[in-house]
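One structure below.
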């Protein structure tokens, strides 16, 4: 029977519940068990697709087309497996399902209530995901922080599941222990209150993962043990680390995996984390650097940089760099800085970079700065990788500056452009007319065919690929012939030849210039970097050496 581990957060958000969940899964998987992971988001949104990336972080897309929280990406990277849409749920999705079932008389005339019917639907989805994955362990991360009003129903679902299956459910609290500068002492009181809040929901944590700047000491463990009704050995240290891929190794220093198995009355089948340990050790000892610029607009929240907007891109850069034994140094570049007359002189700063990436995005803000960036990278032979919107920007730049169509643009930016080299997909036009935005893009995995003797072929080494999409606009078929006559290579196309998936320049004209309509970053893994990112970093290293 599947064992369930619920993971919730205490004190504050953003302390690494998703990485903790993925790390627990990695540890249990290394001991020979089949593991899956589920994310519950306490939002009324049906999915993450309509959420602002500055507010919520990156929107991750699964193979089967679910727009979901970035933690699903962490699960995939740590467990090295695709996570399906059933493994992601929101408050809005749960309520919509219950209301639809009520309208269909699936409750047999009962008065449908928030409790028990909402928690029961949560449990139904958890069990369905577990069954589909044939999981020995299902780890369920509850988003947000205990004590928030919107989390109550999910905690109730956890309580109900444990009540009916007491030997098959564990509860893990990931809590933060601050060290105020003026006091200089690690404080346990916020975590004590978090545990009492969980207790008020009818749940006693079995394990506390103690997040802090430094490892927790025995004195703090003793205090938490006394006031939180938990054995000291079940209080696990979770200090800050340089790489998230160190987290499973850190947890195993406290034998977290064996403790979980013991609580469930189970024995490990095997143990193998050698590749993971080798990766972790190698990361710490890298000396050579490669400088990569990410040119975008979803960076700032107030006075702070929000790297979560592009978390999969960042991780893909790391995976490829580590594979090639170099340390990536990432530079955040706001495209809007290049749009003014004075900003054009700042473009020379890009020469210090070894490679430039323009990631996905929407809307017109910063677009002219991105076009200037592509032009600079093309003319100065700086390795370039465009992702989704990055391909569209590259096509606009090429049409303007090589094909001579100075007013070329995307209809997303200028609906009345004279040369709409990027246009909306026909089936998407009605969605926009009806203001139907949620989950209506081209989403999930689609096949593509690769042209031989191209950069794409050299990277993939296969005639057919499958990659994940999230977009509405495409290269306008009316301009394909024009682009090709002017030297742009379409090295990846949909099987019917109508949709352009990859563009590139000949190595004779540029050392590495390639862009994709899909999001290759969504399929990169720590021990298996994406081939396009790998070859991009390889080109960046070559420029660095020159």
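The values are calculated or read from the model by the stated rules, or taken from the named source; none is laboratory data. The structure displayed is predicted, hence computed values, not measured ones. Cβ coordinates were reconstructed from backbone atoms using ideal geometry, including for glycine residues, and neighbour counts include every protein chain displayed.
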*Any idea which of 500, 482 is farther than 23 Å from residue 68 by Cα and either assigned by TED's automatic domain parsing to the domain that holds residue 49 or in contact with a strand residue (DSSP E or B) (Cβ under 6 Å, 6 or more places away or on another chain) (or both)?*
500
*Tell me, yes or no, whether segment 424-437 has at least one residue that is crowded, with 18+ Cβ neighbours inside 10 Å and in contact (Cβ under 8 Å) with a residue 60 or more places away in the chain.*
no
*Out of all the residues in segment 203-218, which are at pLDDT 95 or above and farther than 22 Å from residue 23 by Cβ?*
204
*Restricting segment 48-65 to residues that are crowded, with 23+ Cβ neighbours inside 10 Å and farther than 19 Å from residue 17 by Cα, which is farthest from the chain's Cα centre (by Cα)?*
62
*Is at least one residue of segment 109-124 within 18 Å of residue 5 (Cβ to Cβ) and in contact (Cβ under 8 Å) with a residue 40 or more places away in the chain?*
yes
*Report yes if residue 524 is more than 30 Å from residue 429 (Cβ to Cβ) and assigned by TED's automatic domain parsing to the domain that holds residue 321, otherwise no.*
yes
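Condition check ((1) in contact with a helix residue (DSSP H, G or I) (Cβ under 8 Å, 6 or more places away or on another chain); (2) outside the structural domain of residue 86 (by TED's automatic domain parsing); (3) within 18 Å of residue 169 (Cβ to Cβ)) across all residues:
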position: 98; (1), (2), (3): yes, no, no
position: 104; (1), (2), (3): no, no, no
position: 109; (1), (2), (3): no, no, no
position: 120; (1), (2), (3): yes, no, yes
position: 124; (1), (2), (3): no, no, yes
*May I ask you to say which residue of 148, 141 is within 19 Å of residue 15 (Cα to Cα) and either surrounded by fewer than 23 Cβ atoms within 10 Å (Cβ to Cβ) or not assigned by TED's automatic domain parsing to the domain that holds residue 16 (or both)?*
148
*Which of the residues that make up segment 225-244 are in contact with a helix residue (DSSP H, G or I) (Cβ under 8 Å, 6 or more places away or on another chain) and closer than 20 Å to residue 13 by Cα?*
235, 236, 237, 238, 239, 241, 242, 243, 244
*Taking the stated definitions as given, is residue 170 assigned by TED's automatic domain parsing to the domain that holds residue 248 and more than 17 Å from residue 9 (Cα to Cα)?*
no
*asked:* Anything in segment 1-16 that is closer than 20 Å to residue 119 by Cβ and surrounded by 20 or more Cβ atoms within 10 Å (Cβ to Cβ)? List them, or say none.
replied: 3, 4, 5, 6, 7, 8, 9
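Per-residue answers, yes or no, for (1) part of a helix (DSSP H, G or I); (2) loosely packed, with under 15 Cβ neighbours inside 10 Å:
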{"residue": "478", "(1), (2)": "yes, yes"}
{"residue": "481", "(1), (2)": "yes, yes"}
{"residue": "497", "(1), (2)": "no, yes"}
{"residue": "501", "(1), (2)": "no, no"}
{"residue": "506", "(1), (2)": "no, yes"}
{"residue": "514", "(1), (2)": "no, no"}
{"residue": "518", "(1), (2)": "no, no"}
{"residue": "532", "(1), (2)": "yes, no"}
*Can you pull out the residues in segment 375-386 that are in contact with a strand residue (DSSP E or B) (Cβ under 7 Å, 6 or more places away or on another chain) and either crowded, with 23+ Cβ neighbours inside 10 Å or free of Cβ contacts under 8 Å to residues at least 24 places away in the same chain (or both)?*
377, 382, 383, 384, 385, 386
*Failed condition for residue 91, given (1) out of contact with any strand residue (DSSP E or B) (no Cβ under 8 Å at 6 or more places or on another chain); (2) within 18 Å of residue 126 (Cβ to Cβ)*: (1)
*asked:* Give me the residue from segment 121-144 that is in a loop (DSSP other than H, G, I, E, B) and over 16 Å from residue 82 (Cα atoms) and, out of that set, farthest from the chain's Cα centre (by Cα).
replied: 136
*Out of 448, 408, which single residue is within 25 Å of residue 485 (Cα to Cα), in contact with a helix residue (DSSP H, G or I) (Cβ under 6 Å, 6 or more places away or on another chain) and at pLDDT 95 or above?*
408
